[in-house]
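The values are calculated or read from the model by the stated rules, or taken from the named source; none is laboratory data. Note that the structure is a prediction, hence the values are computed from the model and not measured. Here the Cβ is made from the backbone with ideal geometry for all residues, glycine too, and neighbour counts use every protein chain on show. Ligands, DNA and RNA are stripped out before the accessible areas are found, and what is left, the full protein with its side chains, is counted by its heavy atoms. Shrake-Rupley method; radii C 1.70, N 1.55, O 1.52, S 1.80 Å.
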Amino acid sequence: MGKIEWAMWANEQALAAGLILLTGGIVGVSGLFRGWQFAAYAVATGVFVCLLEYPRSRRAKGTGVERKGQYCFTVCVRAFGPLTRNYYVRAFLYAGLCVPAGFMLATVLGCVCLAIASLIYLSAAIHGEHWEPILPRVQPSRIAPSIKNPPQNPPPRPPAEMRRKNVDDLEGASYDNPMAVIDEK
């Protein structure tokens, strides 16, 4: 059996938690619920989590499918170095970020989802996983060395008597059509 890659599950869970936090925060702020400041915090936290979690990590096998438009986010996440690569940092960061969102009903679900993502990231860190960017692959050229330069000589042609005759080139001679033409009226 293969080894479970916890980081892959944590990434999906955290991205979903960020979207749920964002949605709950928007509902709390637009409804002006009591404690709407927690909802505003949830909006900011949801956006931060979504931006941090949008770029997927490369899998241990070296494979991985990147999300559309992930490259620019990958560059930003990669710029912070060990703060974003280490899953212990993400686990404790998300554990701390989810606490204030638990004080409002509209953001409780996002809080719970982010806490679960924090636990999954902690498990990934314990198993020795870390974030690796998926970078675009440079495709090696598959052109044979002989094809790099265009041919210098014209292609071979069949002898003149084997070439098909053009009807316009036949001066006065009749052209025999090999197929019978029948005029049906």
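How many times 2.2 N^0.38 Å is the alpha carbon radius of gyration of the stretch 1-142? Walk me through the intermediate numbers first.
Values: Rg = 16.3 Å, N = 142, 2.2 N^0.38 = 14.5 Å.
My calculation over the Cα atoms of the stretch 1-142 gives 1.13.
Whole-Hz Karplus values for the stretch 98-104 come out as 7, 4, x, 6, x, 8, 9 Hz, taken residue by residue from phi with 6.51 cos²θ - 1.76 cosθ + 1.60 and θ = phi - 60°; glycine and proline positions read x.
In whole percents, the pair-distance distribution calculated for the stretch 70-137 from its alpha-carbon pairs, binned every 5 Å from zero, is 4, 18, 20, 18, 18, 13, 6, 2, 0, 0. Could you grab the relative contact order for the stretch 16-101? Cα pairs under 8 Å, six or more apart, rounded to a whole percent. After rounding, I find 25 percent.
For Glu66, Glu5, the ranking by accessible surface with the largest value first comes to Glu66, Glu5, using a 1.4 Å probe. Loop-located chymotrypsin sites (Phe, Trp or Tyr not before Pro) across the stretch 39-96 with a Cβ neighbour count of 12 or fewer within 10 Å are Phe80, with loop assigned by DSSP.
Each residue of the stretch 37-50 was assigned a 3J(HN,Hα) from its phi angle through the Karplus curve 6.51 cos²θ - 1.76 cosθ + 1.60 (θ = phi - 60°); the sequence is 5, 5, 5, 5, 4, 5, 4, 5, 5, x, 5, 4, 5, 5 Hz, with glycine and proline shown as x.
Placing a label point 7 Å from the Cα of Glu132 along the Cα-to-Cβ direction, the residues of the stretch 1-35 with a backbone N closer than 19 Å are 2-12.
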